[in-house]
Amino acid sequence: MAINKSNRARSSAAGRDRLKSVVEGWFRFHTAAIYVFLFLPIVVVVVFSFNGTDRYLTDWHGLSIKWYQRALSDTQVQRDLWNSVSIGIINAILATAFGTMAALGLQRVPKRLRSFYDALTYVSIIIPEIVIALATLILFAGFQNTANQFFVSITAEGKPFRVGLGQWSIILAHVLFNLSLVLLLVRARLSGMDRTLVDASYDLFATPWRTFRQITFPQLLPAIVAGFLLSFTFSFDDYVISSFVAGVGSQTLPLYIFGQTKQGVTPETNAVAAVMLVVTLTILVGGQFLLSRQSKRTGGGGGATTPIAMVAEQT
Amino acid sequence: MTGRSQAPGRARSGLVTSLLLAPATFWYLVLLVLPLAIVAIYSFGVRAPDGGYQTAFTFDNYGTLLKRPAPFTLSLVIAISGTLLCGLLAFPLAYFIATRAGKRKGILLVLLIIPFWTSFLIRTISLVIILGSDGIGGFLSDLTGQNVQILGTMWAVLIGIVYNYLPLMIFPVYVTLERLDRTLLEASKDLGAGRWATFRQVTLPIVWPGLITGSILVFIPLMGEYVVPAILGNGKVFLIGNVLQLDFLSSRDWPAGSAKAVTLILVMLVTVSFYLWVTNRGRRGREVSLL
């Protein structure tokens, strides 16, 4: 009886161990499967961009870089790439500057006004992109009509000046979302900042500007750089807003790629996509490298100091 | 700082504050509040003969929308099931990274962020190849001897959605799991609770806020999703996003589209607040039962 009991205990312990190892194995498998799921499409894009075929995408004909040559010598791709990069950079500069300014300004206003801005910030982030896109389209179209009627009315003879949608409309619409993003990042950083340094700086009779330049700004820099990078990649990658407010001649790379898919994906589309991947990843890795070097030099200062950690912390 | 902020100094500081806030104020008022107000006004108008908006006051746009609610219900179904799937897939993964990954934790997190930083559009297009007749679709067709089509179905859209939004669920869940105090688990074990009881009464309540945040982060963009159904649905899966795109860019019926946009915002507000109300209520109940 006693033997039997201890036997059963042993076998149930063995059963529990087996269950445990099954669960552990399943955890491992699940994790691995999701990573494969996340990376497979990226790998597929890159691999098929080197396909030497002349017919269609999945018809494998050995390695070749001819689609890259073809894509990069395509004048339309060149123009769209240039549009995407310039829109992305201007948008990132404006959003970073204005978002940082707003974060600093909001520190100095009464609480009620601050919650008003907070509400607007969250609304601009929460509302689906497509609603922002169509609302801005309506606004720009109205503006365009009014402005053009005005130009017609003041033009006595000859062709009146006309405004149309273009890069400016994409930039204005992108800055809205990105400004809020930078604002949140910089504010998170500001709230984690050590006030004593600023107070010490004032005690040493530094002017507000000098305090900002030498104390506040260096501490905010990681958030500012992260905001800049996020803004650029958002804009560089955006399809929805751009598809609504782009004008003639301001087509961006995502619009080009989306248009290509309507006619069937070719290795050339994949080559363009791979170039886009390289651009965003270079920016990400470059930013990560710069910031981690900078934070090593200044000794960190608490909180996330690299864009990757920053993004992880925000979400 | 004291004694230095005399009247002229204060006036200048007020000027600095307004200058700092000026651009953000411009963007929020002119490019957010004003356009949304115009959308609300347009939703009561009629379509101009050559497309666009013509002044009127009618509820017809809302009326036709109520008669044909299909895109809304389909969007809700897809958004809810997509959110659930993301939660089911994200939890074990986040749990693994937080508790089992050890030294590889950092690299696993970075690997999660990389797809997130690479183009949404490109990754979705790549799924066309993977799910299509040269990929999984073809494989399943060969296997079953029937013509299996994944592209152009709700399944393709769901896969694409889960693929794109999964990281948004993983991060908040991971963050809460990371904060999970291991000693609580040990205490629960010492008090004789089984693995399942510990999970249900200790782990889950702690992870709950992360799951709620994650599901809202996933649900909101899903409701307005447009690119994934356009690419993977082959124009056969029609969500609100696709209808909005048609209304505004193809048929140029701006008032009808505006009414849908206003309804979309209302539906989202109602769903999210109801969800928060229910989950918070449930949570409080559980906390009480724990005592």
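Evaluate the range A:177-193: report whether one residue or more is within 29 Å of A:D118 (Cβ to Cβ) and without any contact (Cβ under 8 Å) to a residue 12 or more places away in the chain. Looking for residues that are within 29 Å of A:D118 (Cβ to Cβ) and without any contact (Cβ under 8 Å) to a residue 12 or more places away in the chain, one finds at least one in the range A:177-193, hence yes. On the basis of being more than 23 Å from the chain's Cα centre (by Cα), β-branched (V, I, T) and modelled with pLDDT of 90 or more, does A:T58 make the cut? Taking the combined requirement at face value, the residue does not satisfy it. Filtering A:T100, A:T53 for residues that are farther than 22 Å from A:G166 by Cα, touching a residue at least 60 places away in the same chain (Cβ under 8 Å) and surrounded by fewer than 22 Cβ atoms within 10 Å (Cβ to Cβ) leaves a single hit, A:T53.
Conditions tested, residue by residue: (1) over 21 Å from the mean Cα position of the chain (by Cα); (2) surrounded by 23 or more Cβ atoms within 10 Å (Cβ to Cβ); (3) modelled with pLDDT of 90 or more; (4) not polar (S, T, N, Q).
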site: B:G241; (1), (2), (3), (4): no, yes, yes, yes
site: B:L244; (1), (2), (3), (4): no, yes, yes, yes
site: B:L249; (1), (2), (3), (4): yes, no, no, yes
site: B:A256; (1), (2), (3), (4): yes, yes, yes, yes
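Please go through the range A:165-175 and pick out each residue that is of a type in the set (A, V, I, L, M) and farther than 11 Å from A:F234 by Cβ. Correct list: A:L165, A:I170, A:I171, A:L172, A:A173. Taking the listed residues B:T55, B:T17, B:T64, the one that is more than 8 Å from every other protein chain (Cβ to nearest Cβ) and without any contact (Cβ under 8 Å) to a residue 12 or more places away in the chain is B:T55, with no other qualifying. Residue count for the range B:258-291 under the criterion of being modelled with pLDDT under 85, under 24 Å from the mean Cα position of the chain (by Cα) and basic (K, R): the result is 2. Of everything in the range B:86-100 that is surrounded by fewer than 17 Cβ atoms within 10 Å (Cβ to Cβ) and more than 8 Å from chain A (Cβ to nearest Cβ), the residue that is nearest to A:T233 (Cα to Cα) is B:L88.
Here is a yes/no grid of residues against (1) touching a Phe, Trp or Tyr at 6+ places or on another chain (Cβ under 9 Å); (2) more than 7 Å from chain B (Cβ to nearest Cβ):
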site: A:R114; (1), (2): no, yes
site: A:L120; (1), (2): yes, no
site: A:E129; (1), (2): yes, no
site: A:L134; (1), (2): yes, no
site: A:L139; (1), (2): no, no
site: A:F143; (1), (2): no, yes
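A count restricted to the range A:157-177 and to residues that are buried (at least 18 other Cβ atoms within 10 Å of the Cβ), assigned to a loop (DSSP other than H, G, I, E, B) and aromatic (F, W, Y) stands at 0.
Can you name every residue in the range B:140-182 that is under 28 Å from B:L74 (Cβ atoms), assigned to a helix (DSSP H, G or I) and free of Cβ contacts under 8 Å to residues at least 24 places away in the same chain? B:L140, B:S141, B:T144, B:W155, listed by residue number.
Every listed requirement among (1) surrounded by fewer than 16 Cβ atoms within 10 Å (Cβ to Cβ); (2) under 25 Å from the mean Cα position of the chain (by Cα); (3) among the charged types (D, E, K, R) is met by B:R123 save one, (1). Within the range A:247-265, the residues that satisfy the criterion of being away from every other protein chain (no Cβ under 11 Å) and surrounded by 16 or more Cβ atoms within 10 Å (Cβ to Cβ) are A:G247, A:S250, A:Q251. Here A:G62 meets each of (1) surrounded by fewer than 16 Cβ atoms within 10 Å (Cβ to Cβ); (2) within 11 Å of another protein chain (Cβ to nearest Cβ); (3) farther than 30 Å from A:R189 by Cβ with one exception, condition (2). Residues of the range B:28-51 that are hydroxyl-bearing (S, T, Y), touching a residue at least 24 places away in the same chain (Cβ under 8 Å) and facing chain A (nearest Cβ under 10 Å): B:Y42 alone. Of note, A:V272 does not satisfy the criterion of being at pLDDT 80 or above, among the aliphatic types (A, V, I, L, M), surrounded by fewer than 20 Cβ atoms within 10 Å (Cβ to Cβ) and assigned to a helix (DSSP H, G or I). Pairing each residue of the range B:107-130 that is within 7 Å of another protein chain (Cβ to nearest Cβ) with any residue that is polar (S, T, N, Q) and outside any helix (DSSP H, G or I), provided the two are 6+ apart or on different chains, yields C-beta distances under 8 Å for B:I129/A:T58. Counting the residues of the range B:114-140 that are at pLDDT below 85 and of a type in the set (S, T, Y) gives 3.
The values are calculated or read from the model by the stated rules, or taken from the named source; none is laboratory data. These numbers come from a predicted model, not from an experiment. Every residue, glycine as well, gets a Cβ built from its backbone with ideal geometry; the counts of neighbours run over all protein chains shown.
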